[in-house]
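> There's a structure below that I have some questions on.
The values are calculated or read from the model by the stated rules, or taken from the named source; none is laboratory data. Remember, predicted model here, so these are calculated numbers, not experimental data. Quick reminder, even Gly has a Cβ in these numbers, built from the backbone with ideal geometry, and neighbours come from all protein chains shown. Please note that ligands, DNA and RNA were not included when accessible areas were found on the heavy atoms of the full protein model with its side chains. Shrake-Rupley method; radii C 1.70, N 1.55, O 1.52, S 1.80 Å.
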Amino acid sequence: MISLFGLYWVFFKFGLLCFGGGYMLVPLLTAELVGPGKPLAPEEFANLLSIAQATPGPIGINTATYVGYTQHGVVGAVLATLGMITPAMILVILAIRLLKRWESSLAVQGFLTGMRPASFGLILSAAVIFAELSVFTGEIPWGKLLEGGFWGEIGIRPAALLIAAATTVIMLRTKISFMYLLLPSAVLGAFFCR
């Protein structure tokens, strides 16, 4: 069990690293909170991510609140959530004061430009983690990816793959909100993705 201070500190660190949105947190959350001897089992984390998509609020806040609650009840939920939002409050106040003054600076422009590819990499990593938790039946053995023989070790959930592919195509080809896709996908999953 994580101590109360530990909860605040873990989510404070996540809050500091959450540039670009909550999906970039998924690899960090997985490394720190998911697995044997950690607060969340992989299935529980997959369920949490799914529920976080269907509920209001950022994924990081929802995760902090959930993990805090499972560890220390309401007090843990409040402390973990405060840990998550404290860095954002501090950084936004600093950004408002400093960005206007330094926005044309080459160093600031370089900093922001350098963050974009790293942000993309973290989002891509989150997509792979989502795929491992939802579409594939096991963890992808990345070490064997280049050696071949890769697909014999994991399975694919066909219905989950079809739902993911259909959702992706619909999102790329239409302007429909993802909220309208979550409920039908959940219903299909209830019948076909067991």
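> For the pair Ser104 and Gln53, what calculated FRET efficiency results from E = 1/(1 + (r/R0)^6), where r is the Cβ-Cβ distance and R0 = 25 Å, to the nearest 0.05?
Approximately 0.10, to the nearest 0.05.
> Helix-only estimate, please: 222 nm mean residue ellipticity of the chain, summing -39500 (n - 2.57) across DSSP H runs of length 4 or more and dividing by its residues, to the nearest 500.
Value at 222 nm, helices only: -24500 deg cm²/dmol.
> Leaving ligands, DNA and RNA out of it, report the carbon-plus-sulfur percent of the accessible area of the chain at a 1.4 Å probe.
Here it works out to 73 percent.
> Still on this model: Apply 1/(1 + (r/R0)^6) to the Cβ-Cβ distance of Thr86 and Val128, taking R0 = 35 Å, and write down the FRET efficiency to the nearest 0.05.
With a Förster radius of 35 Å, E is 0.75.
> I would also like to ask the following. Tell me, in nm to one decimal, what length is gained between Leu17 and Phe120 on full extension, where the rule is 0.36 nm per residue of separation less the Cα-Cα distance?
35.7 nm
> Sticking with this one: Hey, can you rank 36-49, 165-178, 84-97 by average C-beta count inside 10 Å, highest first?
The densest-packed peptide leads the list: 36-49, 84-97, 165-178.
> Tell me the per residue accessible area of the chain using a 1.4 Å probe; a whole number in Å² is fine. Let's see the in-between values first.
Details: 12310 Å² over 194 residues.
Result: 63 Å² of accessible area for each residue.
> Hey, another quick one. Per residue of region 166-181, what does 6.51 cos²θ - 1.76 cosθ + 1.60 with θ = phi - 60° give for ³J(HN,Hα)? Whole Hz please, x for Gly and Pro, Karplus curve as stated.
Values, residue by residue: 4, 4, 4, 4, 4, 5, 6, 9, 10, 9, 5, 6, 4, 4, 6, 9 Hz.
> Expressed as a whole number of Å, what is the distance separating the alpha-carbon centroids of region 32-93 and region 158-188?
Between the Cα centres of region 158-188 and region 32-93 lies a distance of 25 Å.
> Multiply the residue gap between Leu112 and Arg173 by 0.36 nm, knock off their C-alpha separation, and tell me the result in nm, one decimal place. Could the numbers behind the result be given before it?
Working: separation 61, 0.36 × 61 = 21.96 nm, distance 2.96 nm.
Length gained between Leu112 and Arg173: 19.0 nm.
> Rounded, prolate or oblate, given the Cα gyration tensor of region 48-103, with a/c below 1.5 counting as rounded? Please list the in-between numbers first.
Numbers: a/c = 4.91, a/b = 1.99, b/c = 2.47.
Oblate.
> Sorting Phe11, Phe130 by accessible area (1.4 Å probe), largest first, what list results?
Highest to lowest solvent-accessible surface, that is Phe130, Phe11.
> OK, next. The chain: Rg/Rh from Cα coordinates, Kirkwood Rh?
Value, to two decimals: 1.01.
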